[in-house]
Every structure is written in C-alpha cells, then in structure tokens.
Amino acid sequence: MKDYRIKSIFRGLAIIAFGVCCLIGNSDRFADMPLTRIGVSLLLLVILIETIIERNVISIFFVLGCGACVYQNELGLKDVNFLLIIGSFLLIGIGLNLIIGKKPKITVVNNGHKASVEGVGNAEYWEEDGNFSVDNNLGQRTQYVKIQNLKNGDIDNALGSLTVYLSGSTVDADGAVLDIDNGMGSLTVYFPKEFRVRFNCDNGMGKINMHGECNQDETQPLVIANVDNGMGQIDFYFE
C-alpha cells in the first residue's frame with residue numbers, strides 16, 4: 001500500500017474518532033456501552049501509535065484530547081465541554097511543537113535507490129541532490145523551490161496556508177515523484193507548464209482544483225503526484 005494511502009486511512013480514522021467524541025460529548029450513556037468504548041479506545045490507540053511514529057506533536061495531542069473526551073468522567077472533566085478539552089490539548093501540542101520542533105523525514109533518491117533520512121537545519125524546508133521537503137503546520141508560508149533534475153519531493157500542510165512555487169525547476173530524465181499532503185488547511189502549488197504530471201488524488205471531505213493544463217508531450221519525463229487531501233482545499237496551477 002502506498003504511503004499516501006496509508007496516511008489517508010489514518011486521517012480518516014482520526015476524523016471518525018473526532019466525530020465519535022463530538023457525539024458522545026458529556027453523555028452518561030457512553031459509560032453503559034463498554035464494547036463501544038473499548039472500540040473507540042483501540043481506534044485512538046492505533047492512531048496515537050501512528051502519530052508517534054511520525055513524531056507529529058500536534059497530532060499526538062489531538063488524539064490525546066479525543067481520548068480525554070472518552071474518559072471525561074474518570075478524569076474529572078464531566079462538566080467540561082469536549083471542544084474545550086480538545087482545544088486545550090491542541091494548544092499544548094502547538095506550544096511543544098514550537099519549542100522542540102520536528103525534523104522531517106526525507107525520501108532521498110540516489111542512483112536509483114531510495115532511503116529515508118532525517119532532515120537537518122531548517123525543519124520547515126530541506127533540499128539536496130534533486131530532493132526537497134516543505135512542511136507547514138500552522139500559519140501562512142510561501143516557499144520557492146528551484147531544483148535542477150528534480151527526483152523526489154514532499155509537500156505537507158497541516159492546518160495553515162502553504163503556497164509552493166516550482167518555477168524554474170527541471171525534472172530528472174527518469175522522472176520524479178511528489179507526495180503532497182494537505183490536512184485541514186489551504187495548499188496551492190504552482191507547476192511550470194512544461195511539466196508533464198500524472199495525479200493520483202485521494203480526497204476526503206475537502207476540495208481539489210486544477211487550473212490550466214500540464215504538458216502532454218509523452219517524450220518528456222513524467223512527474224507522478226500522489227495527492228492526499230483531508231478536509232482542506234488544494235489548488236494546482238500550470239503557468
């Protein structure tokens with residue numbers, strides 16, 4: 001199973017878990033349904049493990065916030081609104097993320113072989129030898145990417161607004177792969193009109209818009225764009 005599809009599944013599970021937490025709220029009936037409670041707890045545990053593996057601090061605390069909603073009575077939070085609980089955990093996660101930061105995992109292609117390494121230096125942007133990674137959690141960010149012989153790229157936007165310009169970049173003779181993930185934010189990507197791109201799109205509850213057309217010349221190297229959109233909006237432009 002492709003990496004972008006696995007991420008889509010876990011994000012879908014997270015949305016389901018959030019929906020369950022919204023439904024149960026402060027209801028006492030949930031305590032009388034042990035099997036349902038166990039099921040939701042296991043679902044949250046699976047999502048928590050995945051977020052820990054990815055070391056996404058904000059997502060970790062979001063899941064913990066959902067878990068706190070499930071066990072409101074035991075935690076003495078019966079009279080606290082579930083949105084306040086989840087919001088508080090998100091604020092803690094955002095604060096910790098700003099303090100400790102996060103090193104992105106980069107898929108590097110070298111001589112036809114792929115390997116995952118940790119980025120160093122700036123945790124929001126990384127590039128080397130035809131590979132790049134752009135990561136935006138919150139806020140507004142614009143990134144200009146100018147790479148010769150592009151091989152592999154990761155564009156990841158969580159809750160903020162991210163604009164990426166690939167103008168001036170060229171594609172490796174063997175083609176390139178772009179993994180594009182958008183959670184609940186707004187993502188805009190500008191491709192050079194010379195790029196020949198094939199999109200593999202997985203859209204949840206959001207929206208994906210195409211503006212313009214890519215190069216149709218089959219003699220040109222192919223860029224495969226694996227797109228995973230959760231609840232946000234993605235706009236692709238060819239200029």
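The values are calculated or read from the model by the stated rules, or taken from the named source; none is laboratory data. Keep in mind that what you see is a predicted model, and the values were worked out from it rather than measured. Neighbour counts are summed over all protein chains in view; Cβ atoms, including those assigned to glycine, are modelled from backbone coordinates with ideal geometry. For the accessible areas, the whole protein counts, side chains as well, though only heavy atoms, and no ligand, DNA or RNA atoms are used. Shrake-Rupley method; radii C 1.70, N 1.55, O 1.52, S 1.80 Å.
Against the definition (at pLDDT 90 or above and open to solvent by 10 Å² or more (accessible area, probe 1.4 Å)), how does residue 161 come out, yes or no? I'd like the intermediate steps shown before the answer.
On the way: at pLDDT 90 or above: no; open to solvent by 10 Å² or more (accessible area, probe 1.4 Å): yes.
The answer is no for residue 161.
For segment 202-225, a residue qualifies if it is open to solvent by 20 Å² or more (accessible area, probe 1.4 Å) and within 21 Å of residue 150 (Cα to Cα), and the qualifying residues are 213, 214, 215, 216, 217, 218, 219, 220, 221, 222, 224.
Looking at segment 129-142, which of the residues that are surrounded by fewer than 17 Cβ atoms within 10 Å (Cβ to Cβ) and at negative phi is modelled with the highest pLDDT? So that I can check it myself, show each step before the final result.
From segment 129-142, those surrounded by fewer than 17 Cβ atoms within 10 Å (Cβ to Cβ) are 129, 138-140, 142; that's our starting set.
Subset that is at negative phi: 138, 140, 142.
Values: 138: 68, 140: 82, 142: 89.
Of everything passing the filter in segment 129-142, 142 is modelled with the highest pLDDT.
Of everything in segment 226-239 that is among the aliphatic types (A, V, I, L, M) and under 13 Å from residue 189 (Cα atoms), the residue that is surrounded by the fewest Cβ atoms within 10 Å (Cβ to Cβ) is 227.
For beta carbons closer than 9 Å, sequence separation of 6+ or different chains, a first residue in segment 214-233 that is closer than 24 Å to residue 203 by Cα and a second that is of a type in the set (D, E, K, R) and buried (at least 22 other Cβ atoms within 10 Å of the Cβ), the qualifying pairs are 226/181; 227/181; 228/11; 228/181; 229/181; 230/11; 230/181; 231/11. Does residue 122 fit the bill of being open to solvent by 80 Å² or more (accessible area, probe 1.4 Å), modelled with pLDDT under 65 and closer than 25 Å to residue 220 by Cα? The answer is no for residue 122.
Scan segment 167-191 residue by residue and report those that are part of a loop (DSSP other than H, G, I, E, B) and crowded, with 17+ Cβ neighbours inside 10 Å.
Listed by number, the residues that qualify are 169, 170, 183, 184, 185.
Each residue in segment 47-82 was checked for being more than 18 Å from residue 183 (Cβ to Cβ) and in a helix (DSSP H, G or I), and 6 pass.
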